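Accompanying notes for the structure given below.
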Amino acid sequence: MIRWIAAFLLALAPMQAAHAMGTLPSETFNLSPSDYRWTYQETLDITNPEDGVTLSCNLFLPEPKVSGETFPALVMPNSWLMEEHEYWVQAKTFCEKGYIVLSYSARGWGQSEGVVNVGGRKDTSDITALIDWLTANTPVTGVVKAPDGSVTDDSGAKIGMCGISLGGGLSLMGAAFDTRVKAVMAMVPWGDLVDSLYLNQSPKPVWVKAILVGMGDIAANLDPELSIITDQLFNHEHEAHFDTLLPWALDRSPINFLEKYNAEDRDLAVCISTNLQDFLFTPTQMLRFYYGLNVAAKRIDFNRGIHASSEGTGLVGIPNTVWNRSYAWFDEHLKGVDTGIMDNPPISIDNKSSSQRHYLDHLYMKDINGAHLEGIQRPPMENDIVPEKRYLTHRPWYSYKGGLSSHAGDGSDSISSGLISGLTLGIPLLSSLLEAHTQALHITASLPLASRSKAIVFATERVGSTRTMVGTPTLSLTLTPSAERVQLIAHLYTVDALGIGTLISHAPLTLLESDRLMPSAEPGVAKTYEFNFITTAADVPKGHRLAVAIDTFDISYSRPSEEGFDITLHYGEGCFLEIPWLP
């Protein structure tokens, strides 16, 4: 498995390098030198005293240049499908810069004992045990020890956590439950597992069923509870999984523990790297988590890439923008080096249409559909962008499209469910990967050829000059379903003069008989539903249009029912698109 993943990363490297070249010059940091000799311990077993589970680790230790020299320490948990050797190249790089690095396989992975806990209390207990071992057995900066070498105070220990995917999520969860963690670099983590597994009540068969559970069951000792939750998701046992998925996922969601990160006595720096084409842990849920943080320092970077593709090439030693930021982040916040990383605005985002990267103080997002977060204290989102509101209007019989107008429309249109509409999100994983890293192989559709009965298109007038959309667009629809379970897939396109749409974002919406997370679907009853597209950045070139196209099926999301249905859209004040244009 590891050899296959390494080969994939090497094949991806030329594509990633092509778009990374445009971002590196603006992110040249003053980094600590790589001049330490080091020793490496290949096999290191550390046991969690709470339940006796032994974790398989390896250790990179810098050789002191002077007697008594101490070093900041990094804990690096494995990604999904990987184990403790995953970070060998980067751990060596950090060690040469003067960091102690402990890489480990989370319980249930590699040679570690136990069953996979996906960031639950057993995983956070393991992280505490690993930090206890580090402060007791290695010269960690900030640890006070007695003459006999025993630890008397390690509250000031300079500890960081860094990881990809599962490792990123564990890094955030470890920081929530152990205040000795002073800095985090979380790469494509999750902030909200409910939203990640069940976006707008829409399960993801490829990412969740095939990769997380299917491949995870081969590579690890999965907890049977995860299979039960997955079966309930994809068998559409909705009432049952409300009672299992929600508490299980929230107990593992960093956003559920904001009070721990935001505590007045914390000195914590959190850097998040997330990817625009990541349909597993979407950038939107990470932006909501970012806005909930009120810590000493924070930043979030939105990169081109699917899940882990922008970070992965760094694992095989290829120069990588994300890992370069990680060096700067830890030098800044664990070593006190003025690297320059805090000089840029705290948010950066790649433009899908070009090699440009936007640096911003705020990124627009509307805080909606957070019923599962009720009771969690979150600071209000700060935005300096006022979105433009465009209303969906009736599609005339002689045109393939309705309008996106500055004035509310009236009347209605209907579409029926069906598998083939002419719209698509592409081949799962592959299409998004090629789109992200080639800047040429986009996901497109001929909107004039889209089925009039199974899809509907709405478009603006042609723009007079190039405009850039940056942030999280919002769509509101007033609709009447014919059944208790229906699904919509909303696509956001830029459209050229021939009607060819280039996909720049999308969002699923699944409506059920239950109203526990979103308003329910009642046959024959009109209701208004508001939901966010996935956070994005893209240009609408001069002479092009911005369009919303809606159908009822894509293979990226599991259908809630095999039965057919109709949906009627009612135009008016509740039927609109909010567009966050860059000023």
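When Ser155, Ser103 are screened for being in contact with an Asp or Glu (Cβ under 9 Å, 6 or more places away or on another chain) and under 23 Å from Leu268 (Cβ atoms), only Ser103 passes. For region 428-442, the candidate set comprises residues that are open to solvent by 10 Å² or more (accessible area, probe 1.4 Å) and among the hydrophobic types (A, V, I, L, M, F, W, C); within that set, the residue that is modelled with the lowest pLDDT is Ala440.
Checked against the criterion of being more than 19 Å from Asp251 (Cβ to Cβ), open to solvent by less than 20 Å² (accessible area, probe 1.4 Å) and not hydrophobic (A, V, I, L, M, F, W, C), the candidates Lys182, Lys204, Lys209 yield just one match: Lys204. Restricted to region 48-73, and to residues there that are under 19 Å from Ala220 (Cα atoms) and hydroxyl-bearing (Ser, Thr, Tyr), the residue that is least open to solvent (accessible area, probe 1.4 Å) is Ser56. Whenever a residue of region 439-457 is without any contact (Cβ under 8 Å) to a residue 24 or more places away in the chain, its partners that are buried (at least 18 other Cβ atoms within 10 Å of the Cβ), lying with C-beta atoms within less than 8 angstrom and at least six residues away or across chains, give the pairs Leu441/Ser431; Leu441/Leu434; Leu441/Glu435. Consider region 213-233 and keep the residues that are in a helix (DSSP H, G or I) and touching a strand residue (DSSP E or B) at 6+ places or on another chain (Cβ under 8 Å). The one that is nearest to Pro247 (Cα to Cα) is Leu233. Here Glu83 passes the criteria (1) of a type in the set (Asp, Glu); (2) surrounded by 24 or more Cβ atoms within 10 Å (Cβ to Cβ); (3) in contact with a helix residue (DSSP H, G or I) (Cβ under 8 Å, 6 or more places away or on another chain) except the one numbered (2).
Within region 102-123, the set of residues being assigned to a loop (DSSP other than H, G, I, E, B) and either at pLDDT below 95 or small (Gly, Ala, Ser) (or both) comprises Ser105, Ala106, Gly108, Gly110, Ser112, Gly114, Gly119, Gly120. If the condition is being closer than 28 Å to Thr474 by Cβ and modelled with pLDDT under 90, then region 188-233 contributes only Leu233.
All conditions in (1) crowded, with 22+ Cβ neighbours inside 10 Å; (2) farther than 22 Å from Ser227 by Cα; (3) out of contact with any Ser or Thr (no Cβ under 8 Å at 6 or more places or on another chain) hold for Ile100, with the sole exception of (3). Of the residues making up region 415-470, those that are more than 28 Å from Tyr571 (Cα to Cα) and in contact with a Lys or Arg (Cβ under 7 Å, 6 or more places away or on another chain) are Ala436, His437, Ser465, Thr466. Please verify whether region 456-470 includes one or more residues that are out of contact with any Cys (no Cβ under 9 Å at 6 or more places or on another chain), open to solvent by 60 Å² or more (accessible area, probe 1.4 Å), farther than 25 Å from Leu360 by Cβ and not acidic (Asp, Glu). Yes: one or more hits. Out of Gly336, Gly305, Gly317, one residue alone is at pLDDT 95 or above and more than 18 Å from Gln285 (Cβ to Cβ). It is Gly336.
Only one entry of Leu392, Leu373, Leu425 meets the criterion of being over 21 Å from Leu199 (Cα atoms) and either crowded, with 19+ Cβ neighbours inside 10 Å or in contact with a helix residue (DSSP H, G or I) (Cβ under 9 Å, 6 or more places away or on another chain) (or both), and that entry is Leu392.
Against the list (1) touching a Gly at 6+ places or on another chain (Cβ under 8 Å); (2) farther than 26 Å from Glu84 by Cβ; (3) not in a helix (DSSP H, G or I), the condition Arg252 fails is (2). No other residue among Ala483, Ala497 is modelled with pLDDT of 95 or more, over 21 Å from Ser412 (Cα atoms) and in a loop (DSSP other than H, G, I, E, B) apart from Ala497. Consider region 504-518 and keep the residues that are of a type in the set (A, V, I, L, M, F, W, C) and touching a strand residue (DSSP E or B) at 6+ places or on another chain (Cβ under 6 Å). The one that is nearest to Ala459 (Cα to Cα) is Ile504. Scan region 106-132 for residues that are surrounded by fewer than 24 Cβ atoms within 10 Å (Cβ to Cβ) and either farther than 20 Å from Ala176 by Cβ or among the polar types (S, T, N, Q) (or both) and the total you get is 10. Out of curiosity, is Thr128 closer than 23 Å to Asn221 by Cα, touching a Lys or Arg at 6+ places or on another chain (Cβ under 9 Å), polar (S, T, N, Q) and in contact (Cβ under 8 Å) with a residue 24 or more places away in the chain? Against the criterion (closer than 23 Å to Asn221 by Cα, touching a Lys or Arg at 6+ places or on another chain (Cβ under 9 Å), polar (S, T, N, Q) and in contact (Cβ under 8 Å) with a residue 24 or more places away in the chain), Thr128 qualifies. Taking the residues in region 500-514 that are more than 26 Å from the chain's Cα centre (by Cα) and at pLDDT below 95 as candidates, determine which candidate is surrounded by the most Cβ atoms within 10 Å (Cβ to Cβ). Ranking the qualifying residues of region 500-514, first place goes to Ser514. Candidates in region 231-247 are the residues that are under 26 Å from Gly167 (Cβ atoms) and free of Cβ contacts under 8 Å to residues at least 60 places away in the same chain; of these, the one that is surrounded by the fewest Cβ atoms within 10 Å (Cβ to Cβ) is Pro247. Taken together, the residues in region 535-555 that are open to solvent by 10 Å² or more (accessible area, probe 1.4 Å) and β-branched (Val, Ile, Thr) amount to 1. Give region 287-315 a look and list any residue that's closer than 18 Å to Ser432 by Cβ, of a type in the set (Val, Ile, Thr) and either open to solvent by 10 Å² or more (accessible area, probe 1.4 Å) or part of a loop (DSSP other than H, G, I, E, B) (or both), or say none. Hit for region 287-315 is Ile306, nothing else. How many residues does region 519-537 hold that are farther than 23 Å from Ser412 by Cα and out of contact with any His (no Cβ under 7 Å at 6 or more places or on another chain)? Final tally of qualifying residues: 2.
The values are calculated or read from the model by the stated rules, or taken from the named source; none is laboratory data. Because the structure is a prediction, the values reported are computed rather than measured. Using ideal geometry, Cβ is built from the backbone for each residue, glycine included, and neighbour counts are taken over all protein chains shown. These accessible areas exclude ligands, DNA and RNA; they are computed on the full protein's heavy atoms, side chains included. Shrake-Rupley method; radii C 1.70, N 1.55, O 1.52, S 1.80 Å.
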